[in-house]
Every structure is written in C-alpha cells, then in structure tokens.
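Here the structure comes first, spelled out in structure tokens, and everything after it is commentary.
What follows draws every value from the coordinates through simple rules; no lab data is involved. Just so it is clear, the structure is predicted and the values come from calculations on it, not from any experiment. Every residue, glycine as well, gets a Cβ built from its backbone with ideal geometry; the counts of neighbours run over all protein chains shown.
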Amino acid sequence: MTIANAKQEASLRMQKSIDALQNNFAKIRTGRAHPSLLEQVKVSYYGSDMPLSQVANVSVGDSRTLLVTAWEKAMVPVIEKAILTSGLGLNPTNNGTGAIRVPLPAMNEERRRDMIKIVKAEAEDGRIAIRNGRRDANNQFKELLKAKLIGEDDERQAAEEIQKMTDKFVAEVDKMLAVKEAELMEV
C-alpha cells in the first residue's frame, strides 16, 4: 500500500458515497413525476420478487402522472397491488388496457417538511460515509508510518490532502442538499 493507492481508494469511496446519495435523492418524491419513484417497488413474478422495471415499462404521462405498462396483461393486477402496498402513498388506477396510471398526490406543507427532514438525514449519512473514507485513509497512512515506509512529513502532507478531498466532497453533498431542498419547497 502506498500513499497514492490510499488516496485513490479514498477518492473512489467518497465518489461512491456521492453517487449513492444522488440515487437516494432521486427516490425522494418532489411532487413531480419521475420513473425512479417506483424503482424500489418489487413485484411478485411467478414466485420471485422482481423490480418493477423488469416486468413493466415505467414512463411519465404528465408532470403529475406515471404510466406503468405491463409486459404481460396477467401481471397488471399484481403490479397494481405492489404499487399500492409499497408504502409510497400512491393510488394506481387500471384503465383496462394493460396500462396503469399512477397519479402523484399534491404535496402539502407538512409533507414537504417531512421530506426535507428525510433529505437532510440522507445528506448526513453521505457526509458520514465520506468522513469514514477519510478516517480509513488516515489509518492507512499511520500504518505506513509505523512500518517506516513513509516519513512523518509525508504522512502529515497526505492527511492534509485527504482533508482537502473530504472538504470538496462534503461541499458537493451540501450543494446537492440545497438543490433538493429548493426542489421540495417548490410549489
């Protein structure tokens, strides 16, 4: 293990934390229709649970409606039930042609505040994951120092570089949080 390897590993971990946070933010409903809202819905498909995207096509009908088109007509009631029981607070309607309309309810002020709390918690989890990457890199630097593979100055300089990298990624999380909060408060 070298300093460069430890820095690269830390950078990759921090970037993965950012990617995971973006993924989690995409799942949080803003009142605007987006196919990713139904990403976590699992459908019982011939005895095994499958993601909705593997048994149907999810598209945007208009700004407040998702359209779910089942690939097999027999799956329509199963998909409808899966969306109902998903805990997302959505009420799908079947139009009888194999397509399911999923209207998104308007978000009231209280629901927006709850969503902001969830978004802030997700952002804090992202910051923690980034700081964990920093901690692990610093521990690797200390091990290299203990094994006398690097000097104290090298260890200190590497720790400073990792701190700058951490600050950059945490600032990115803060920026993403501000954008998502603004999106949630939009009426």
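Expressed as a fraction of 2.2 N^0.38 Å, the rule-of-thumb size for a compact globular protein of N residues, what is the C-alpha radius of gyration of the chain?
1.39
Give the calculated FRET efficiency between S63 and Q15 to the nearest 0.05, with a Förster radius of 30 Å applied to their Cβ-Cβ distance.
0.40
Could you give me the ³J(HN,Hα) list for the range 87-98, computed from phi with Karplus coefficients 6.51, -1.76, 1.60 and θ = phi - 60°, whole Hz, x at Gly and Pro?
Once rounded to whole Hz, the list reads x, 8, x, 9, 10, x, 10, 9, 8, x, 10, x.
Would you pull out the residues with amide H under 5 Å of L66's amide H, same chain only if 5 or more places away, H placed 1.01 Å from N?
Distant-sequence amide H within range of L66: G61, V102, L104.
Sum -39500 (n - 2.57) across every DSSP H segment of at least 4 residues in the chain, then divide by the residue count to get the 222 nm mean residue ellipticity, nearest 500.
-20000 deg cm²/dmol
Sort 38-48, 147-157, 125-135 by the packing proxy (mean of other Cβ within 10 Å over each peptide's residues), most packed first.
125-135, 38-48, 147-157
Listed here are the pairs K142/K168; K42/K120; K7/K42; K73/K120; K16/K73; K7/K180; which of them are more than 32 Å apart at the Cα?
Where the Cα-Cα span goes over 32 Å, the pairs concerned are K7/K42; K73/K120; K16/K73.
What dipole magnitude, in Debye to the nearest 20, does the range 35-103 give about its Cα centre under +1 on Lys/Arg Cβ and -1 on Asp/Glu Cβ?
So the dipole magnitude of the range 35-103 works out to roughly 120 debye.
Say R0 is 45 Å: what FRET efficiency, to the nearest 0.05, do I128 and A74 get from their beta-carbon distance?
Taking R0 as 45 Å, the efficiency between I128 and A74 is 0.50.
Give me a comma-separated list of calculated 3J(HN,Hα) values for the range 59-74, in order, Karplus coefficients 6.51, -1.76, 1.60 applied at θ = phi - 60°, integers in Hz, x for any Gly or Pro.
Karplus values, whole Hz, x for Gly and Pro: 9, 9, x, 8, 5, 10, 9, 9, 10, 10, 10, 6, 6, 10, 4, 5.
List, largest first, the extents of the alpha carbons of the range 35-103 along their principal axes, each in whole Å.
Here the spans come out as 34, 25, 17 Å, largest first.
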